[in-house]
Amino acid sequence: MKDILSNLITKHNTSYTPIWFMRQAGRYLPEFREIRKKNPDFIKLCLNSNLVSEITLQPLKRFDLDAAIIFSDILMVPFGLGQKVEFKKGAGPILGDINLENIINTDPKEFIEKLLPVYKGIEKVKNNLTQKELIGFAGAPWTLLLYMLNKESPKNNFNFDKINNESLINPLLKKIEEMICLHVDKQIEAGANIIQIFDSWAGLLPKNKLTKYCYVPTSKIVEHIKSKKIPVICFPKGIGKNYIDFCSVVKPDCISIDYEVDPKWIKEKLNGLPIQGGLDPKILLEDKEKIKKSTENYLNIFKDYPYIFNLGHGVLPEIKPETIEYIIQLARNKK
């Protein structure tokens with residue numbers, strides 16, 4: 001079956017529940033770990049189009065999934081803008097200092113040239129996909145701005161004073177928005193037929209800053225993607241009750257919910273807007289009974305509703321491939 005996700009998102013089809021997983025290509029798969037061992041430089045790995053294609057397709061060889069999501073990283077955009085990006089074991093991403101002038105003056109052709117292997121990787125995946133959809137993605141402007149300014153994951157440390165410098169923030173945010181649109185365009189040209197926007201750190205924003213840093217910049221990206229007649233899924237992780245405001249302002253074609261969102265509550269509030277995800281990835285580390293109960297809870301709540309089965313965040317490295325297989329079977333067998 002082809003275009004299952006697209007049909008659900010655009011036509012609100014409820015006869016079938018599509019399944020894919022955020023981070024389905026990656027750390028929990030032994031075949032990925034083999035590749036990773038030989039390729040310790042993560043950015044170089046994301047720029048190896050042959051390996052990008054191989055890694056993206058690995059989970060589809062194992063599991064009955066409805067879509068591939070390109071193996072890449074949201075920080076490819078800062079990298080394309082000339083900021084140094086490296087990944088350190090145990091520390092996550094480490095970014096270099098910002099040279100605002102260089103970033104603002106980054107030529108689009110230069111940006112595309114740096115990220116060309118990403119787009120080549122998408123082409124290779126597309127040529128090897130039959131009856132499956134291909135999801136491209138980008139980080140949302142706020143999350144990329146945050147990484148670029150903080151120069152590391154804000155998990156343990158972020159000072160909001162860093163975003164009070166308007167003369168730095170405003171031109172930087174504008175450039176980030178422009179380059180996300182370009183990055184998405186190139187992914188669509190290469191064969192991606194759905195785009196997901198990850199705002200992984202939206203939850204750090206206080207309510208009074210959500211409009212300026214989350215809603216308005218993301219709505220520009222969403223509008224741009226919609227103009228290409230491509231469905232767009234948004235994932236503003238951690239914003240709680242503000243999911244409703246987000247949907248009314250940003251108007252995504254589908255909203256991906258995190259595991260802190262009450263699925264019954266959001267279903268009642270969204271008047272039929274397609275919903276994706278929600279299941280806490282940590283539940284996949286529990287016993288089978290707990291996994292079954294939690295999975296079926298989402299499937300029951302969203303029965304006869306346009307819903308894509310997914311997690312409320314990415315697959316954890318500790319999750320066993322057999323557990324992913326088990327969940328897929330539960331969803332497929334649910335009538």
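The values are calculated or read from the model by the stated rules, or taken from the named source; none is laboratory data. Just so it is clear, the model here is predicted, and its values are computed rather than measured. Ideal geometry is used to build each Cβ from the backbone, glycine not excepted, and the neighbour counts take in all protein chains shown.
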- Just one of Ile319, Ile324, Ile308, Ile291 is modelled with pLDDT of 95 or more, part of a strand (DSSP E or B) and either under 19 Å from the mean Cα position of the chain (by Cα) or more than 23 Å from Cys234 (Cα to Cα) (or both); which is it? Ile308
- Query: Which one is nearest to Ser227 (Cα to Cα) among residues in segment 1-18 that are out of contact with any Phe, Trp or Tyr (no Cβ under 6 Å at 6 or more places or on another chain), of a type in the set (Ser, Thr, Tyr) and modelled with pLDDT of 90 or more?
  - Reply: Thr10
- Message: For segment 82-103, which positions are closer than 30 Å to Lys37 by Cβ, crowded, with 16+ Cβ neighbours inside 10 Å and out of contact with any Gly (no Cβ under 6 Å at 6 or more places or on another chain)?
- Response: Gly82, Val85, Phe87, Pro93, Leu95
- Output the number of residues of segment 225-251 satisfying the condition of being assigned to a helix (DSSP H, G or I), farther than 18 Å from Thr211 by Cβ and in contact (Cβ under 8 Å) with a residue 24 or more places away in the chain. 2
- Message: Checking the conditions here, which among Pro281, Pro274, Pro252 is of a type outside the set (Asp, Glu), over 22 Å from Tyr28 (Cβ atoms) and touching a His at 6+ places or on another chain (Cβ under 7 Å)?
- Response: Pro274
- Residues (in contact (Cβ under 8 Å) with a residue 24 or more places away in the chain and either within 13 Å of Ile43 (Cα to Cα) or in a helix (DSSP H, G or I) (or both)) located in segment 83-109: Gln83, Val85, Glu86, Phe87, Gly92, Pro93, Ile94, Leu95, Leu100, Ile103, Ile104, Pro108
- Looking at Thr130, Thr106, which is the one that is in contact with a Lys or Arg (Cβ under 9 Å, 6 or more places away or on another chain), modelled with pLDDT under 95, surrounded by fewer than 20 Cβ atoms within 10 Å (Cβ to Cβ) and of a type in the set (S, T, N, Q)? Thr130
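Results for (1) outside any helix (DSSP H, G or I); (2) hydroxyl-bearing (Ser, Thr, Tyr); (3) buried (at least 17 other Cβ atoms within 10 Å of the Cβ), shown as yes or no for each residue.
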position	(1), (2), (3)
Leu210	no, no, yes
Glu223	no, no, no
Tyr259	yes, yes, yes
Lys264	no, no, no
Glu268	no, no, no
- Criterion (touching a Ser or Thr at 6+ places or on another chain (Cβ under 6 Å) and not hydrophobic (A, V, I, L, M, F, W, C)) met by exactly one of Pro217, Pro206, Pro231: Pro231
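One line per residue, one yes/no per condition, for (1) surrounded by 17 or more Cβ atoms within 10 Å (Cβ to Cβ); (2) within 16 Å of the chain's Cα centre (by Cα); (3) farther than 21 Å from Asp3 by Cα:
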residue	(1), (2), (3)
Ile135	yes, yes, no
Gly139	yes, yes, yes
Ile163	yes, no, yes
Ile176	yes, no, yes
Lys186	yes, no, no
Ile233	yes, yes, no
Lys237	yes, yes, yes
Asp245	no, no, yes
- Query: Somewhere in segment 124-132, is a residue assigned to a helix (DSSP H, G or I), in contact with a helix residue (DSSP H, G or I) (Cβ under 6 Å, 6 or more places away or on another chain) and over 30 Å from Leu210 (Cβ atoms)?
  - Reply: yes
- Message: Can you find a residue that is under 27 Å from Lys84 (Cα atoms) and part of a helix (DSSP H, G or I) anywhere in segment 9-32?
- Response: yes
- Task: May I ask you to verify whether Lys120 is closer than 21 Å to Lys84 by Cα, of a type in the set (Lys, Arg) and assigned to a helix (DSSP H, G or I)?
- Result: no
